[in-house]
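Taking it in order: structure first as structure tokens, then the write-up.
The values are calculated or read from the model by the stated rules, or taken from the named source; none is laboratory data. Model, not experiment: these values are computed from the prediction. For neighbour counting, all protein chains shown are included, and Cβ atoms are generated from backbone atoms with ideal geometry for every residue, glycine included. Surface accessibility is based on the protein's heavy atoms, side chains included, excluding ligands, DNA and RNA. Shrake-Rupley method; radii C 1.70, N 1.55, O 1.52, S 1.80 Å.
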Amino acid sequence: MDDTSNVTYLTLDGFVELHKYRYLYFMIMFVMYILIISCNSTIICLIWIHKTLHEPMYIFIAALLLNSVLYSTNIYPKLLADFLSEKQILTYPLCLFQAFIYYSLATSEFLLLTAMSYDRYVSICKPLQYPAIMRKTTVILLLVLAWLVPLCELTVSVVLYANLKICSFTLKGIFCNNSIYSIQCVRSVTLAIYGVFMLLNMVLFPLLFILFTYTRILIISYRIRRKAAQTCLPHLLVLINLSCFVTYDVFIVRLEADIPRIAHLIISIQMISYHPLFNPIIYGLKMKEISKHLKKLLAQVKSH
């Protein structure tokens with residue numbers, strides 16, 4: 001606590017032997033950040049440039065990849081600065097803001113995957129009605145809701161957190177996430193109940209809807225159009241990856257699982273590196289149209 005300015009500072013205590021490996025950490029994470037920005041931005045630009053990719057499915061993919069860029073930009077600049085700093089600190093309001101953006105983007109990814117599953121369901125199960133259902137206005141509405149709903153719901157959560165008194169000024173992590181729940185003087189029942197509500201509303205219910213739609217798609221596809229089911233595979237892989245990410249955040253961070261500090265650091269770094277890089281690789285390799293345009297781009301780069 002800074003008494004002179006009445007600003008609360010938190011210490012990020014999730015780093016391991018930072019004094020010995022700070023430059024190694026910095027170089028590895030800097031390269032990862034550049035890769036994440038480059039890979040995601042390349043596919044976003046391909047979808048933007050090529051009119052053949054101006055379809056709902058590819059627009060949702062572009063939104064998902066944009067999410068990954070924003071998600072990484074919320075974490076990496078501060079993380080890179082911390083690697084080179086003597087003290088790994090930030091103000092409590094800034095910590096709340098980072099957690100707010102972090103969870104807004106993470107939950108919006110679930111809602112984007114829900115929109116994508118609905119798009120695939122209509123395309124494969126109701127192909128004649130697809131143009132009428134998945135109009136431009138429908139796509140825009142689904143995109144707005146995917147980003148707006150998490151922002152609104154998490155704003156309430158941040159307000160609740162901001163009004164709580166904190167007794168610990170050390171976070172067991174390398175960035176702000178659910179670990180801020182552990183620094184409260186008294187655990188808020190209201191906050192706990194609201195957290196469960198958000199988990200159900202923005203994670204579990206969308207997950208159940210996605211599983212339902214893909215089950216219906218697989219049943220119909222294997223009866224009639226087997227090739228159509230292949231377009232769902234990348235979405236399912238991304239869903240599995242995202243589910244692992246949420247499971248870690250809820251059961252390891254929120255429930256304060258007693259795991260070694262080095263293991264906690266490795267898992268945290270894997271999640272912020274692997275997850276945003278996984279999406280463009282999967283969509284770049286598994287989506288035929290994107291892969292085709294990506295190969296053309298690489299061929300042009302090589303020829304120059």
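Testing residue 17 on (1) open to solvent by less than 50 Å² (accessible area, probe 1.4 Å); (2) out of contact with any Leu (no Cβ under 9 Å at 6 or more places or on another chain); (3) without any contact (Cβ under 8 Å) to a residue 24 or more places away in the chain, one condition comes back false. Which one is that?
Among (1) open to solvent by less than 50 Å² (accessible area, probe 1.4 Å); (2) out of contact with any Leu (no Cβ under 9 Å at 6 or more places or on another chain); (3) without any contact (Cβ under 8 Å) to a residue 24 or more places away in the chain, the lone unmet condition for residue 17 is (1).
Condition check ((1) part of a loop (DSSP other than H, G, I, E, B); (2) open to solvent by 50 Å² or more (accessible area, probe 1.4 Å); (3) out of contact with any Gly (no Cβ under 6 Å at 6 or more places or on another chain)) across all residues:
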position: 121; (1), (2), (3): no, no, yes
position: 142; (1), (2), (3): no, no, yes
position: 148; (1), (2), (3): no, yes, yes
position: 153; (1), (2), (3): no, no, yes
position: 158; (1), (2), (3): no, no, yes
position: 176; (1), (2), (3): yes, no, yes
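Return the residues of segment 270-302 that are closer than 16 Å to residue 45 by Cα, of a type in the set (A, V, I, L, M) and open to solvent by less than 20 Å² (accessible area, probe 1.4 Å); say none if nothing qualifies.
Within segment 270-302, 287, 290 qualify.
For segment 138-166: of the residues being farther than 24 Å from residue 217 by Cβ and of a type outside the set (A, V, I, L, M, F, W, C), which is farthest from the chain's Cα centre (by Cα)?
Applying the filter and picking the extreme gives 165.
Residue 184 is checked against (1) crowded, with 18+ Cβ neighbours inside 10 Å; (2) modelled with pLDDT under 85; (3) polar (S, T, N, Q) and fails just one. What number does that condition carry?
So residue 184 meets the others, but not (1).
Against the condition among the hydroxyl-bearing types (Ser, Thr, Tyr) and either within 21 Å of residue 97 (Cβ to Cβ) or in contact with a Cys (Cβ under 9 Å, 6 or more places away or on another chain) (or both), how does residue 130 come out, does it pass?
No, not satisfied.
Pick out the one residue from 58, 25, 92, 103 that is crowded, with 20+ Cβ neighbours inside 10 Å and within 30 Å of residue 165 (Cα to Cα).
103
Which residue, of 179, 168, is closer than 29 Å to residue 74 by Cβ and touching a strand residue (DSSP E or B) at 6+ places or on another chain (Cβ under 7 Å)?
Testing whether each residue is closer than 29 Å to residue 74 by Cβ and touching a strand residue (DSSP E or B) at 6+ places or on another chain (Cβ under 7 Å) leaves just 179.
Does residue 76 satisfy being of a type in the set (Phe, Trp, Tyr), touching a strand residue (DSSP E or B) at 6+ places or on another chain (Cβ under 7 Å) and open to solvent by less than 50 Å² (accessible area, probe 1.4 Å)?
It is false that residue 76 is of a type in the set (Phe, Trp, Tyr), touching a strand residue (DSSP E or B) at 6+ places or on another chain (Cβ under 7 Å) and open to solvent by less than 50 Å² (accessible area, probe 1.4 Å).
Do we have residue 275 as within 25 Å of residue 66 (Cα to Cα), assigned to a helix (DSSP H, G or I) and in contact with a His (Cβ under 6 Å, 6 or more places away or on another chain) here?
No, not satisfied.
So which residues in segment 141-165 are at pLDDT below 90 and farther than 16 Å from residue 99 by Cα?
Across segment 141-165, the qualifying residue is only 165.
Being part of a helix (DSSP H, G or I), open to solvent by 40 Å² or more (accessible area, probe 1.4 Å), among the aromatic types (Phe, Trp, Tyr) and out of contact with any Ser or Thr (no Cβ under 8 Å at 6 or more places or on another chain) is the requirement here; does residue 83 meet it?
no
Six or more apart or on different chains, Cβ atoms under 9 Å: show the pairs whose first residue is in segment 183-196 and over 16 Å from residue 92 (Cβ atoms) and whose second is part of a loop (DSSP other than H, G, I, E, B) and basic (Lys, Arg).
Qualifying pairs under 9 Å: 186/165.
Tell me which of these residue 50 doesn't satisfy, since it passes every other one: (1) under 23 Å from the mean Cα position of the chain (by Cα); (2) closer than 23 Å to residue 283 by Cα; (3) touching a residue at least 12 places away in the same chain (Cβ under 8 Å).
(1)
Got a sec? Which helices (runs of 4 or more DSSP H) wholly within segment 195-248 have at least 1 residues that are over 24 Å from residue 280 (Cβ atoms) and modelled with pLDDT under 80?
205-223, 226-229
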